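Worksheet: the structure to be examined is printed underneath.
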Amino acid sequence: MKNGKVYIIGAGPGDWELITVKGLKRIKEADVILYDLLAPSALLKFAKKDAQVICVGKADGLHLLEQAQINRLIYEKARGNKIVARLKGGDPLVFSHGIEEALYLKKRGIPFEIVQGVTSAFAAPESFGIPLTRKGRYSSIAVLTGRKSNGGPIDAPDCDTLVYLMAVGNIRNVIKALSKSGRKKNTPCAFIEKGTTPQERIVTGTLGNIAAKAVRYAVKPPAVFVVGNVVRYAKRIHGH
């Protein structure tokens, strides 16, 4: 049986119009679309009429299928000489299982291509006028996970700007790590929830009060947590 090809596509941060031209083209061509819940559902309207469209879950705390099952499903669909679009939120290789899927296909001789996407780590802060760098002032960024699968300590490197993904449910441990690294309680920070979508909102504060504010304003995933003086630009640009 002749093999098809798999496109591991970054669907962008939430606003469907932020997908790349290449990513949208591959969706339109696909015989099978396997999509995550974090991928904008509006993109599915571009699928061919006879395309098979399957939700495989994968949102914070909700997995309809385990990763091993997803890997196998991608493989089985591609084996049938099908063009498969594996649609993932954000960028497919940033805090994602995209690399595991690519390695699984590589080992089994299935052709694939990685189609880059816009990560929420950059797009969500920018949606509220927060620049992650500024020439001559802030020159270093780190993008980190706010929750390690092995339960290990949270990283808090010495950078001008830190961006945490998946930090909502573990914010107190993130703050502990930041405090331990030497950051003061008055360090500006912000949660951006559902960035780039019509439902987006921002909750700003400091390391001393952001955990309480997250509870007060019921911040929920998906949300990006930004730490550093760049957060002050949200007020200057958008009044937040």
Highest mean first, what order results for 134-144, 18-28 on Cβ atoms within 10 Å? 18-28, 134-144
Separation between the Lys45 and Ile99 pseudo-spin-labels, each 7 Å from Cα along Cα→Cβ, expressed in nm? 3.6
Straight-line reach from Lys106: which aspartates and glutamates have Cα under 20 Å away, leaving out those fewer than 8 places along the same chain? Glu66, Glu76, Asp91
By per-residue mean of other Cβ atoms within 10 Å, what is the highest-first order of 77-89, 155-167? 77-89, 155-167
If the cut-off is a Cα-Cα distance under 19 Å, which lysines reach Lys184, setting aside same-chain residues fewer than 8 apart in sequence? Lys176, Lys213
Could you give the length gained on full extension between Asn186 and Lys22, defined as 0.36 nm per residue of separation minus the Cα-Cα distance, in nm? 54.7 nm
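Please tell me the relative contact order of the stretch 120-238 in percent, rounded to the nearest whole number, where contacts are Cα pairs under 8 Å and at least six residues apart.
Details: 227 pairs, mean separation 38.4, N = 119.
Across the stretch 120-238, relative contact order equals 32 percent.
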Kindly list the residues of the stretch 71-104 that lie in the label zone of Gln116, defined by a backbone N under 14 Å from the point 7 Å along the Cα-to-C-beta vector. 91-94
By per-residue mean of other Cβ atoms within 10 Å, what is the highest-first order of 216-225, 42-51? 216-225, 42-51
Treat every Asp and Glu Cβ in the stretch 25-106 as -1 and every Lys and Arg Cβ as +1, leave all other atoms uncharged, and give the resulting dipole magnitude about the Cα centre to the nearest 20 debye. 400
Which ³J(HN,Hα) values in Hz, rounded to whole numbers, follow from the phi angles of the stretch 208-214 under the Karplus curve 6.51 cos²θ - 1.76 cosθ + 1.60, where θ = phi - 60° and Gly and Pro get x? x, 10, 5, 5, 5, 5, 4
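Full extension from Tyr138 to Glu126: what is 0.36 nm times the residue separation minus their Cα-Cα distance, to one decimal in nm? List each step's numbers first, then the result.
On the way: separation 12, 0.36 × 12 = 4.32 nm, distance 1.50 nm.
Length difference between fully extended and current span is 2.8 nm.
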Here are a few candidate values for Cα Rg over 2.2 N^0.38 Å: (i) 1.01; (ii) 1.50; (iii) 1.08. Which one was actually calculated from the structure I just gave you? (iii)
Over 27 Å between alpha carbons, listed pairs Lys25/Lys82; Lys185/Lys235; Lys88/Lys194; Lys45/Lys148: Lys45/Lys148
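First select every other residue whose beta carbon is under 14 angstrom from the beta carbon of Ile114; then total the charges, Lys and Arg +1, Asp and Glu -1. All intermediate terms of the calculation are to be shown ahead of the outcome.
Working: positive: Lys5, Lys22, Arg26, Arg86, Lys88, Lys106; negative: Asp91, Glu100, Glu101, Glu113.
Taking every other residue near Ile114 into account, the sum is +2.
Readers should treat all values here as calculations from the given coordinates under stated rules, not as data from a laboratory. Predicted model only: the values in this text are computed from it and were never measured. Glycine gets a Cβ as well: all are built from the backbone with ideal geometry, and neighbour counts include every protein chain shown.
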